[in-house]
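Data block below; observations after.
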Number of protein chains: 2
Amino acid sequence: MTTGSADTPPDELTVRRATGDDVPDIVAMLADDPLGAARENPADLGPYRAAFARIDEDPNQHLVVAALDGKTVGTLHLTVIPGLSRRGATRALIEAVRVHGDARGSGLGTRLIEWAVAEARRLGCVLVQLTSDATRIDAHRFYERLGFEASHLGFKMQLD
Amino acid sequence: MTTGSADTPPDELTVRRATGDDVPDIVAMLADDPLGAARENPADLGPYRAAFARIDEDPNQHLVVAALDGKTVGTLHLTVIPGLSRRGATRALIEAVRVHGDARGSGLGTRLIEWAVAEARRLGCVLVQLTSDATRIDAHRFYERLGFEASHLGFKMQLD
């Protein structure tokens, strides 16, 4: 994603399935965010490791990290959801998209979402969906540029 | 949900897991809707039956029907999604909520969503989420009355 001169090849971006060893890096990225800062607690990884085990054993969960020259620079979580509506459409839900602070503005977010859309297609999905907090105005423009339509309102209820 | 006199007990509403035999009734309800009419094709149940098989074999999918005196009057699809964000929160996604035309305005929608929220809690979810088409103004009021917050925009991309 960094720009090399004509003589040096660009750094290689790889998107791969997350392992348990990636949990601290992913949680750090989740927390390094205006909304995530209040929601996450990287000092206690226990609940995250338990959640990772649930994700890892479910074949419809695809938690990935993007790595650039061996450094983790992004993450997202794609879930494949079969359904009856829209003529039996299988959909993909994208959650927890983060780009490392050092890599923002580099086009990595675009690469990550493009990867997710291609992966969703490969997995047989005919619809990709995500929600974005109403306050993330820049993110809304970003998703619209990538071909998403802000056709819905997203409702949430916390069960505390 | 119907109102009986003081002497007749109210009809019994049951919410139960959908079986393959429920597919035609569910598809009919999906299609009997301003948006669903254009999206669904009840004349060809094949793709719906294939999708039902995928739903039925996945322990995180909970496709249910509501029955009143043996008649199917509602449906919704709840998906349990483990995740790392929000301290390893497991969330529930609600999709494909429909109330039969004969039962609308009876409070059945409220009963269905309240059932889904209770079921999500029972299944260990700490967050329930759904999206509603931006044109469904009545639905937005309905979800807000039930305690949901319209905190997000919902983005979708069709992969055709």
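Just so it is clear, none of the values below were taken in a lab; they were calculated from the coordinates. Values in this document were obtained by computation on a predicted structure and should not be read as measured data. Cβ placement follows ideal geometry from the backbone for every residue including glycine, while neighbour counts extend to all protein chains displayed.
How big is the dipole moment of chain A about its Cα centre under a simple scheme where the beta carbon of each Lys and Arg is +1, that of each Asp and Glu is -1, and everything else is neutral? Debye, nearest 20, please.
Roughly 740 debye, rounded to the nearest 20.
Based solely on its DSSP helices, what 222 nm [θ] is calculated for chain B when runs of n ≥ 4 H residues each add -39,500 (n - 2.57) and the sum is averaged over all residues, nearest 500 deg cm²/dmol?
About -9000 deg cm²/dmol.
Report, for A:Asp21, each distance to the same residue's label point in the other copies, shortest first and in nm; define the point 7 Å along Cα→Cβ.
5.3
Calculate the FRET efficiency for A:Asp32 and B:Asp102 from the Cβ-Cβ distance with a Förster distance of 51 Å, rounded to the nearest 0.05.
About 0.45, to the nearest 0.05.
Order of B:Leu78, B:Leu45 from fewest to most other C-beta atoms within 10 Å?
By the 10 Å Cβ count, ascending: B:Leu45, B:Leu78.
Just going by the charge dipole of the protein assembly as shown, with Lys and Arg at +1 and Asp and Glu at -1 on Cβ, which of A:Phe142, A:Pro82, B:Gly88 is farthest out on the positive end?
Working it through, the farthest residue towards the positive pole turns out to be A:Phe142.
From other protein chains only, count the Cβ atoms within 10 Å of every residue's Cβ in B:88-94, then give the mean.
Rounded to a whole number, the mean comes out at 6.
Tell me, what is the FRET efficiency for A:Arg145 and A:Asp21 to the nearest 0.05, using R0 = 41 angstrom and their Cβ-Cβ distance as r?
After rounding, the FRET efficiency stands at 0.80.
Give me the percent relative contact order of chain B, please, defined on Cα pairs under 8 angstrom at least 6 residues apart.
18
Could you compute Rg(Cα) / (2.2 N^0.38 Å) for the protein assembly as shown, with N its residue count?
Scaled against compact globular proteins, the figure is 1.06.
Just counting partner chain Cβ atoms within 10 Å, what average do the residues of peptide B:116-125 show around their Cβ?
Mean partner shielding for this stretch: 1.
DSSP beta bridges in the stretch B:13-145, what fraction antiparallel, as a percent rounded to 5?
Taking every DSSP beta bridge within the stretch B:13-145, about 85 percent pair in antiparallel fashion.
From the Cα gyration tensor of chain B, with a ≥ b ≥ c the square roots of its eigenvalues, which class applies: rounded if a/c is under 1.5, or else prolate if a/b is larger than b/c, or else oblate?
In terms of gyration-tensor shape, rounded.
Quick check: pseudo-label points 7 Å beyond the Cα along Cα→Cβ at A:Ala134 and B:Ala43, how many nm apart are they?
Using points 7 Å along Cα→Cβ, the separation is 4.2 nm.
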